[in-house]
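Presented below is the structure to which this report refers.
The values are calculated or read from the model by the stated rules, or taken from the named source; none is laboratory data. Owing to the predicted nature of the structure, the values given are computational and were not obtained by experimental measurement. So basically every Cβ, Gly included, is an ideal-geometry build from the backbone, and we count neighbours across all protein chains shown.
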Amino acid sequence: MATAGPRAHRASRESRSPHVTPGRGGAGREDGGGGDKMAVCIAVIAKENYPLYIRSVPTENELKFHYTVHTSLDVVDEKISAMGKALVDQRELYLGLLYPTEDYKVYGYVTNSKVKFVMVVDSSNTALRDNEIRSMFRKLHNSYTDIMCNPFYNPGDRIHSRSFDNMVNSMMMQVC
Amino acid sequence: MSVPDYMQCAEDHQTLLVVVQPIGIVPEESFFRIYKRISAVSQVNVRDSQRVLYIRYRHHYPPENNEWGDFQTHRKVVGLITITDCSSAKDWPQTFEKFHVQKEMYGSTLYDSRLFVFGLQGEIAEQPRTDVAFYPSYDECETVEKRIEDFIESLFIVLESKRLDRATDKSGDKIPLLCVPFEKKDFVGLDTDSRHYKKRCQGRMRKHVGDLCLQAGMLQDSLVHYHMAVELLRSVNDFLWLGAALEGLCSASVIYHYPGGTGGKVGSRRAQGGSLSAEAGNRHRPGALTSNGINADTSAEIGRAKNCLSPEDIIDKYKEAISYYGKYKNAGVIELEACVKAVRVLAIQKRSMEASEFLQNAVYINLRQLSEEEKIQRYSILSELYERIGFHRKSAFFKRIAAMQCAAPSIPEPGWRACYKLLLETLPGYSLSLDPKDFSKGTHRGWAAVQMRLLHELVYASRRMGNPALCVRHLSFLLQTMLDFLSDQEKKDVTQSLESYTAKCPGTMEFITLPDGLKLPPVPFTKLPIVRSVKLLNLPTSLRPHKMKSLLGQNVATKSPFIYSPIIAHSRGEERNKKIDFQWVQGDVCEVQLMVYNPMPFELRVENMGLLTTGVEFESLPAALSLPAESGLYPVTLVGVPQTTGQITVNGYHTSVFGVFSDCLLDNLPGVKTNGCTVEVIPALPRLQISTSLPRSAHTLQPSSGDEISTNVSVQLYNGETQQLIIKLENIGTEPLEKLEVTAKTVNTKEKLYGDFLSWKLEDTISQFPLKPGKIATFTVNIKVKLDFSCQENLLQDLSDDGISVSGLPLSSPFRQVVKPRVETKPINPQESSKVGDFSHVKTLEAILNFKYSGGPGHVEGYYRNLSLGLHVEVEPSVFFTRVSTLPATSTRQCHLLLDVFNSTEHELTISARNNEDLILHAGECQRMAIQVDKFSFESFPDSPADGTQFANAKQLEEERQQAKGLEINSKLDICWKIPSLKREGEASVEGVLNQLVLEHLQLAPLQWDILVDGKLCDCDIVVDCKVGDPIPLEVKLTNWSKHSVGPFALTVTPYQDYQNGVHNYELQDAITFVGSNTFYIESVKPTKDSVYFGALLFLYTGDFYLNIKFHEDNCSKELPVSWFCLPSVHIRAMEPVVQTQL
């Protein structure tokens, strides 16, 4: 049952450090070998912290990603509350790396209306730079804005949109 | 060192570790009672100084951890207290021996030890010893605390001496190298004289002194020592010890900055210690610090405050220390504990992000293979720490893993109870509440997939705990709240397991209280089935109570002084929303209709579904239903019987689905439509059941008035037939029937109906009242159908070729037609046989009999019930009068009515009229019958509109008049038909047949002409005898019955002879002479007056003579109808005067 549990065994202890610098967590790791791997899970979370949309690569245990995204909200909340004190108008929407697990890296993004985007990326994917993550989030945000513009969409409902699906699909990694 | 102490916090660095252990057989309860008292003494103010000693007590401490005591002195067991139970003196030596053995275990590090002996009395107990204390029993040991304080003081003395010993040890003497267990072999053969080695020794010793200072309550000194140690060790790259020195620096700074402690409310020990250490902390403030002169390091005086790390630096130094520890695999526990300590500090600083990084790191620290218990402990403490930094979700995540670990398959005896308890604690983290009300408030807001998993785990854990009730509760909660998120297969699985659990323990509506006080509210299945609307139904029409009109009027009058006010009506509108405008009746089955649907992908069996009500004693009659898979809206009717009167409110319903009993209150259901739930129950009324002599009808009457008919009966009658309908009234209620009123209403008025359709006598029935319950009364109704006997347009074309006109103008002899009846069998030619069907066209008549009845207490309250009986009469045609005409009779006062009668039945039929013999008609036969009737003078009716009233009125009046005339004519005719083969008979009416022309003919002319010949009144068939040669007086008398004056008229009398061969001989001048003129002149006659004119005739020859009296064609006569001038013809037989011949 504890499939999503923390892995207490790590290959190299030397690389571990509590100084986790956001956005640079995966630097220096060897490449996992995936060519154009992208996100493995993308979630949209409402202001009240319930999921509006969550989608993961079908090969993996879906529940695991639910847990991953769910727990990442703690960090998102913390970052938002820390940011609340900062200048509101100059606020950076991109939250950076929320936390790394041994297999994945979790990135966050929060809109001005406190809707959160969470993206889980395979940690073996070193090709993905911070800027690319940023642009992916921006694309997501644009797509989400399009959904909100749909007069038939009730804000707060689950997202059922083909165009959004396509968007997310294009960002998800191709399963080889 | 392998066993991490997850409870450690920074302030533990200043404590002295004392192990309290039992030896021999000590009851656990007693031991912990003493242990508790001992551990209460956690802070001691040392005599002669303001320093405070902190003590950490352990009842279990692994000796291998003790070996790390040089590395961090708070890990060193410095005191041992053993507790033993010794009842007799002879056991004493043995016990004492054990004490020594125990001391050996921690022997190398112990400063001092104590033995507490309980139960021993006598001489051994008398002897004063410092290391042993005797107490007669566990209850009589008041001096334990005092003893402990003394013991701690002795520890302090040793500590202080050691500190001073080490601190002053600054000479060039060789400083021993302190090392941790795993280092020992590394230093074998190392050059002990090297500068490097010496520095290392110094640094480590400095650090050790710092530890001792900290323990001895000399915070500032310790800071100085640590700083020096850091410098020394950094220069020699002794990373492990550098880490320890840095951590010591951090600990001391934390103690300085956070006198409240960082452990929080982990244990009572902390909480208690925290409050005291606050004041202790004040004492350590730089200004308040008193240097007690033993401080050998003069540099301590300089920049005291600077030595202490700032809060930010603490974290930096912790990070550094941990990174150094990380270099050594064997120092995993140290690193882990350092992480935990740092997290606690960060939690106080509210720097959650950094804390989470430390924790994240701690997660990855790999110790040796952990036992299951240690894993649980590890995950729980992680959860607790995450909770502390506000990461509730992460905390829940780890707690859940800990819970799962409790029941891991590798554990021989899974701790389901602990697992369940831990799982419950994770609920808030997953924003899950076990109260279904929180869910019904709106749409689901949460992580369904994750929450579902947790609920499944709760179900499983509670089942394995052997608590089926709990298991059922969780499973029903899962089904109720997560229904929308379950897949079809999951729904099936969940319900299947639910059913198997409820077979053992049915789900109830009671709260389940867990041992730790948590209450699990009941879970009503409001979604199985989903109720969309609740509608209280009125009673069936026949049972519906009605308020007596008069009483209702009174009520309204007393309520408001106004007859009508829109304002009041408006304000009542709101009230009406809640209250329903019909009533239920006590003792009668009342119904509530629910529109439900089954959201499940399989058939849903709902058992024991009934109503929940308040206000009135209500006997609910539960129903069981089975809803097809994913049914649409499905009506369900729940019934019950109110036993008392008053207001009843339907609050909800109860069900039993999958073995779970649910009480669903409407207030808690979202999106339920209702027409109000409160209805009045009025006192009981009797119930009437009707049965009739007639068969029940399949036809249902749907009258527009909205009355609903409970019973329908139908009867087939021939037109004109009369039938008795016997109605049995049975009181099937429980109240006596006291009142009955009957009214009838004909529904289908398309057909013209003659005579009374329904007639009855109520008196006979009323005489049987009051009708006791179960008794029967009878009531008789006569049904008489008399529809139009004419066949309207059906025969018109058939008649067009008929030579005989209906004009009724005098023809030579009416008798011919009667004698020679027109046999109408010939029209049955192929063409017309199809038309026969039209004659047999069945007409229907429908009527409603209303029975208003009342009785019992309901009658007193002014209520009654209305029962309707629908009557459906199919009228088959019996006979038709296909044509009607008149022929003048021989008398002008009489007339022949000629009726062509058509038998449209399939049976032989006889028809009779008054004074006529029976006429036999075969099926489909048409015959003419002639009835001689006296002409009618319709004087009793208004003759004509008196003056120019409205035209429509005039027409109506005309119709009415015609109807009345028809009625009168019919009553005279008395035509009856009889079907002998069926033994049925009835009347036939000509009312509808008569037309204006016929009526005119049947009417007596208003001008009455009387002709008297020889003083005798002449009429058509009267032959007047007279003698030849005698003058015969002729008298013409005109009586005017009309309303206007008539005349003047001129009449000419023309005699003629009829040769009976169609030849009339008018050449009779030589046979008859007139005495006087043969022309009469009549002056105008006023209404109701008469005038008489006389003349005379003289017959010259014998013979039969006729007199034809003709009017002169002049203007006035043309204004009046011809029939008014219908004078009887006069037949005179002139004979030889017999007397003369004889003479």
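Scan (1) more than 27 Å from B:G390 (Cβ to Cβ); (2) touching a Lys or Arg at 6+ places or on another chain (Cβ under 8 Å) for the single condition A:V121 breaks and write down its number.
For A:V121, the exception is condition (1).
Scan the range B:675-702 for residues that are over 11 Å from B:N712 (Cβ atoms), of a type in the set (S, T, N, Q) and at pLDDT 75 or above and jot them down.
B:T678, B:Q689, B:S691, B:S693
Of the residues B:I302, B:I255, B:I314, which single one is farther than 25 Å from B:Q360 by Cβ and modelled with pLDDT of 85 or more?
Numbers: B:I302 fails: modelled with pLDDT of 85 or more; B:I314 fails: farther than 25 Å from B:Q360 by Cβ.
The conditions single out B:I255.
Looking only at the range B:418-441, filter to residues that are among the polar types (S, T, N, Q) and assigned to a helix (DSSP H, G or I); which one of those is nearest to the other protein chains (Cβ to nearest Cβ)?
Going through the range B:418-441, the residues among the polar types (S, T, N, Q) turn out to be B:426, B:431, B:433, B:440.
Going one step further and asking which of them are assigned to a helix (DSSP H, G or I), we end up with B:426, B:440.
Details: B:T426: 12, B:S440: 17 Å.
Once the filter is applied, the top-ranked residue is B:T426.
What tally of residues in the range A:41-79 results from selecting those that are more than 7 Å from every other protein chain (Cβ to nearest Cβ) and in a loop (DSSP other than H, G, I, E, B)?
Matching residues across the range A:41-79 total 8.
Kindly indicate the residue of the range B:132-148 that is exposed (fewer than 15 other Cβ atoms within 10 Å of the Cβ) and charged (D, E, K, R) and also farthest from B:S49 (Cα to Cα) among those meeting that condition. First the steps, then the outcome.
Step one: list which residues in the range B:132-148 are exposed (fewer than 15 other Cβ atoms within 10 Å of the Cβ), which gives B:136-137, B:139-140, B:142-143, B:145-146.
Still in the list and also charged (D, E, K, R): B:139-140, B:142, B:145-146.
Values: B:D139: 34, B:E140: 32, B:E142: 26, B:E145: 20, B:K146: 19 Å.
Of everything passing the filter in the range B:132-148, B:D139 is farthest from B:S49 (Cα to Cα).
Can you say whether B:E312 is without any contact (Cβ under 8 Å) to a residue 40 or more places away in the chain, touching a helix residue (DSSP H, G or I) at 6+ places or on another chain (Cβ under 6 Å), over 21 Å from B:V236 (Cβ atoms) and not polar (S, T, N, Q), as far as the supplied structure shows? Show your work before the answer.
Details: without any contact (Cβ under 8 Å) to a residue 40 or more places away in the chain: yes; touching a helix residue (DSSP H, G or I) at 6+ places or on another chain (Cβ under 6 Å): no; over 21 Å from B:V236 (Cβ atoms): yes; not polar (S, T, N, Q): yes.
Against the criterion (without any contact (Cβ under 8 Å) to a residue 40 or more places away in the chain, touching a helix residue (DSSP H, G or I) at 6+ places or on another chain (Cβ under 6 Å), over 21 Å from B:V236 (Cβ atoms) and not polar (S, T, N, Q)), B:E312 does not qualify.
Of the residues that make up the range B:628-639, is at least one under 30 Å from B:G862 (Cβ atoms) and over 12 Å from the mean Cα position of the chain (by Cα)? Quick ask: steps written out before the conclusion?
Within the range B:628-639, the subset under 30 Å from B:G862 (Cβ atoms) is B:637-639.
Okay, now just the ones that are also over 12 Å from the mean Cα position of the chain (by Cα), so B:639.
Within the range B:628-639, one or more residues are under 30 Å from B:G862 (Cβ atoms) and over 12 Å from the mean Cα position of the chain (by Cα).
Mind listing whichever residues of the range B:61-108 are among the polar types (S, T, N, Q) and farther than 18 Å from B:D12 by Cα?
Of the residues in the range B:61-108, the ones among the polar types (S, T, N, Q) are B:65-66, B:72-73, B:82, B:84, B:87-88, B:94-95, B:102, B:108.
Result: B:T82, B:T84, B:S87, B:S88, B:Q94, B:T95, B:Q102, B:S108.
Sort out which residues of the range A:101-145 are within 14 Å of chain B (Cβ to nearest Cβ), of a type in the set (V, I, T) and either part of a strand (DSSP E or B) or crowded, with 21+ Cβ neighbours inside 10 Å (or both), and write them in order of number.
A:V106, A:V118, listed by residue number.
If I go through the range B:342-356 residue by residue, how many of them are within 13 Å of another protein chain (Cβ to nearest Cβ) and either surrounded by 23 or more Cβ atoms within 10 Å (Cβ to Cβ) or closer than 13 Å to B:G243 by Cβ (or both)?
So the answer is 6.
Name the single residue that is farthest from B:S790 (Cα to Cα) among those in the range B:961-988 being under 60 Å from the mean Cα position of the chain (by Cα) and either among the charged types (D, E, K, R) or at pLDDT below 75 (or both).
B:K983
Any idea which residue in the range A:49-100 is modelled with the lowest pLDDT, counting only those that are farther than 21 Å from A:V121 by Cβ and of a type in the set (S, T, Y)?
Checked the range A:49-100; the qualifying residue modelled with the lowest pLDDT is A:S81.
Out of the range B:358-417, which residues are within 11 Å of chain A (Cβ to nearest Cβ), in a loop (DSSP other than H, G, I, E, B) and among the β-branched types (V, I, T)?
Listed by number, the residues that qualify are B:I365, B:I389.
Every residue in the range B:307-319 that is surrounded by fewer than 17 Cβ atoms within 10 Å (Cβ to Cβ) and within 14 Å of another protein chain (Cβ to nearest Cβ), please. Before the answer, list the steps.
Of all residues in the range B:307-319, those surrounded by fewer than 17 Cβ atoms within 10 Å (Cβ to Cβ) come to B:310-313, B:316.
Within the range B:307-319, B:D316 is the sole residue that qualifies.
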